[in-house]
Amino acid sequence: MSRSFDLMVAGRPSVDVIFPGLPEWPALGKDIESERLGVCAGTSFNTPAAANRIGMRVAYVATLGNDPWSRLIREEFDAEGLATDFLEIEDRPLPAVSVALNFAGDRGFVTHWGSGDAYDTHLAARALDVVERIDASHLHAYADEAPKLEAAAHRRGMTVSVDASGGPWWSSSRPLAQTLAHADVLLANEPEAAAMTGEADPRRALALAAEHCECVVIKRGADGAIGLADGQVRAVPADPVAIRDTTGAGDCFNAGFLAGWLGGLPLEESLTLGVICGSRAIGDVGGYRGCPREAELLVIAAARGIVLPRWEAAPDGERS
């Protein structure tokens, strides 16, 4: 493999079926109608697709099946120009579907993964194999899921970001120091950061997490984002935008932030790039579809005095 990559991500993609702007929350025995409908690839697809949109070379390790849902995701790889170097297609159904119901600026999900522990074990083994043999700068992983992968990435000289990714923190008893043992960057929303650290105040949560991690970022939704690195705290407000669908906003924030952080930009500028990508994500229906492409982001960033890092083209002359 002669290609080099800026960002590596491994995960299970899904198809997101999104009902935005519901007039009320569904109740048993009562039908409601949604004026709009969105269908697109999502879950672990969001950050790689967003990073690819803003010009990063992305190595995305994923496995799909031969079912209609998997074929829809495969089509989006092509539509987005997302590299398929590490995409595996199995000759069996592997449906993964998540229905997102949007109401009053937030959303709830119903998800069917259609696979078991064997799938996760196989994907983890593939990701370890890939990280050991490719030339990549950074691994973006998910908390409480891939400590072996994070350790292997560090051994290969890669930096590592960990997304708190919800869920595990409501029941995990894993010590924070152990969770962040191989992390250079922690990316969490406010509830996740509070649950991880036991601190509801974002600045206290930042300080506690930063005892184990070089850079800590807390995504605060309508209040923007706050981060701590090199002993300095920086806060950036959210961009004003009409909310259409909040699905994937945090994933797009991650892509924008990492583009700045990996490009050597100051913390505040990296946070601003994250806010730009995350804010625009909620202005469109679909987890990554509102994220700006590289040319648009260059213009938006320049208007705020930020020079966006320019990523080298892949050896074949195309973006990953």
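The values are calculated or read from the model by the stated rules, or taken from the named source; none is laboratory data. Values in this document were obtained by computation on a predicted structure and should not be read as measured data. No Cβ is skipped: glycine too gets one built from the backbone with ideal geometry, and neighbour counts run over all protein chains shown. Side chains are part of the model used for accessible areas, which takes the heavy atoms of the whole protein and leaves out ligands, DNA and RNA. Shrake-Rupley method; radii C 1.70, N 1.55, O 1.52, S 1.80 Å.
Computed quantities for the displayed model
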{"quantity": "Hits in region 264-290 (condition: under 17 Å from C215 (Cα atoms), open to solvent by 30 Å² or more (accessible area, probe 1.4 Å) and assigned to a helix (DSSP H, G or I))", "calculated": "E268, E269"}
{"quantity": "Any hit, region 208-230, residues being part of a strand (DSSP E or B), in contact with a helix residue (DSSP H, G or I) (Cβ under 7 Å, 6 or more places away or on another chain) and touching a residue at least 60 places away in the same chain (Cβ under 8 Å)", "calculated": "no"}
{"quantity": "Top-ranked residue of region 1-58 - restricted to ones that are assigned to a loop (DSSP other than H, G, I, E, B) and among the aromatic types (F, W, Y), ranked as modelled with the lowest pLDDT", "calculated": "W25"}
{"quantity": "Qualifying residues in region 231-252 (those that are outside any loop (DSSP other than H, G, I, E, B) and small (G, A, S)) - the one nearest to L271 (Cα to Cα)", "calculated": "A235"}
{"quantity": "Test result for T247, modelled with pLDDT under 95, of a type in the set (S, T, Y) and open to solvent by less than 10 Å² (accessible area, probe 1.4 Å)", "calculated": "yes"}
{"quantity": "Whichever residue in region 1-43 is of a type in the set (S, T, Y) and touching a residue at least 40 places away in the same chain (Cβ under 8 Å) and, among such residues, is surrounded by the fewest Cβ atoms within 10 Å (Cβ to Cβ)", "calculated": "S2"}
{"quantity": "Number of the exception - R293 against (1) surrounded by 17 or more Cβ atoms within 10 Å (Cβ to Cβ); (2) under 19 Å from the mean Cα position of the chain (by Cα)", "calculated": "(1)"}
{"quantity": "A301, sole failed condition from (1) in a loop (DSSP other than H, G, I, E, B); (2) open to solvent by less than 50 Å² (accessible area, probe 1.4 Å)", "calculated": "(1)"}
{"quantity": "Of all residues in region 60-98 being among the polar types (S, T, N, Q) and within 25 Å of D6 (Cβ to Cβ), the one that is surrounded by the most Cβ atoms within 10 Å (Cβ to Cβ)", "calculated": "T63"}
{"quantity": "Filter pass, T111 being over 25 Å from D284 (Cβ atoms) and among the hydroxyl-bearing types (S, T, Y)", "calculated": "no"}
{"quantity": "Residue identified as modelled with pLDDT under 85 and out of contact with any Lys or Arg (no Cβ under 9 Å at 6 or more places or on another chain) among R304, R280, R310, R319", "calculated": "R310"}
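Table: residues versus (1) under 22 Å from M8 (Cα atoms); (2) small (G, A, S); (3) at pLDDT 95 or above.
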| site | (1), (2), (3) |
| --- | --- |
| V99 | no, no, no |
| N102 | no, no, no |
| D117 | no, no, no |
| H122 | yes, no, no |
| P147 | yes, no, no |
| V160 | yes, no, yes |
| S173 | no, yes, no |
